[in-house]
Amino acid sequence: MKKLKNNKIKNNKLFLDKYQEYKDLVNNRLEKIIDKNDESCVAQAMRYSLNIGGKRIRPVLTLAFCESCFGFKQEALDIACAIEMIHTYSLIHDDLPCMDDDNFRRGWPACHIKFGQAIALLAGDGLLTDAFNLISKSNIEPSIKINIIKILSEATGSKKMIFGQELDINKKTKTSSKILDKINKLKTCELIKASAVLGCLVAKTNKNKILAASRFGEALGLAFQIKDDIIDVTGRQEIIGKPVMSDKNNGKLTYVDLIGESEAEKKVEELSKEAINILKKEFEGKIDFLIDLTNFLLNRES
Ligand code: GRG
């Protein structure tokens, strides 16, 4: 078992075992969702991008929030997998030459490098569409299912995640930390917020907790993105799975450019504290894993 350098996590082994348990659940289910004997090249590309690693933060959040609200993680599993499929689609499209033009993802050749641009484009489309098909077939009460589809399609649709990507690729708009916050809230936080909220919805929890999960997701999402900017500058290629400074060399303005590395680290710390306080205030009971996960992300190296 990999040792964590994070000293804020109360019990590393307990945390890592639980994290692995959630990841195994998601990985095993994803393995079954796209048949490995499917003859289609697009299906192979979808499987490739889903299986080359990734921290599985978003589906793990869904399962953990469901359990924190005393729901059953098995009931949230297909929703969690759908979220990871949407996340993977966004990474495939983000790496294309017409977007960020990155050759590596998760330490492996990006989907379009391995399969060519046309197949990569279709693999992203396939993952997005199949994600909603998976949700539609899940064994969840119809009214909750419709709400889940509404929230997830809004979070990842043209007014939120996709608009964030539009602003992100339009470099002229990035002039202040206010604008950078706006881009990151749309591009990164919306899906993280939805991941937390959907876990609560499956558990049929109350409105206050759903709102709290959304506030938690926003604070964690921003901390996560700022940490991502820091790692882009300070990380090691063999750990982050792509060349160091790939965002910077793409001409992207990041928090590190705007406020410097040590202020950026402070901001990550503040936002993580805010996220943890929301958990402590609004969720009684099973929140140890979520607190540890927040600290883990604050100290991650990739
Ligand atoms: C619709 C094309 C399109 C994009 C939407 C999400 C997104 C915008 C682009 C993906 C690229 C990116 C760097 C987004 C910022 C959020 C972020 C830090 C993503 C990486 O997420 P991790 O670290 O990745 O969870 P793994 O590989 O661990 O799953």
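For this structure, a couple of remarks:
- Distance between the modelled labels on residue 204 and residue 104, one decimal in nanometres: 4.9 nm (7 Å Cα→Cβ projection).
- Within segment 129-156, backbone nitrogen closer than 20 Å to the virtual label 7 Å beyond the Cα of residue 170 toward Cβ: 155-156
- Accessible-area composition of the chain, carbon plus sulfur, in percent [1.4 Å probe]: 52
- Annotation: amide H-H contacts under 5 Å for residue 104 (H modelled 1.01 Å from N, sequence separation of 5 or more, or interchain): 110.
- Taken over the Cα atoms of segment 66-176, the convex hull encloses 146 Å³ per residue.
- Rg(Cα)/(2.2 N^0.38 Å) for the chain, N = residue count: 0.95
- Length-normalised contact order for the chain - Cα pairs under 8 Å, 6+ apart - percent: 21
- Maximal additional length on extending the residue 146-residue 159 stretch stands at 2.8 nm, based on 0.36 nm per residue less the C-alpha distance.
- Restraint check, 55/227; 150/178; 36/193; 159/267; 204/286, Cα-Cα greater than 21 Å: 150/178; 36/193; 159/267
- At least 20 Å along the helix axis (C-alpha) and Kyte average at least -1.0, DSSP helices within the chain: 73-95, 117-137, 142-156, 207-234
The values are calculated or read from the model by the stated rules, or taken from the named source; none is laboratory data. All values reported here derive from a predicted model rather than from experimental measurement. Here Cβ is always computed from backbone atoms with ideal geometry, including for glycine, and neighbour counts include all displayed protein chains. Just the protein is used for accessible areas: all its heavy atoms, side chains included, with ligands, DNA and RNA removed. Shrake-Rupley method; radii C 1.70, N 1.55, O 1.52, S 1.80 Å.
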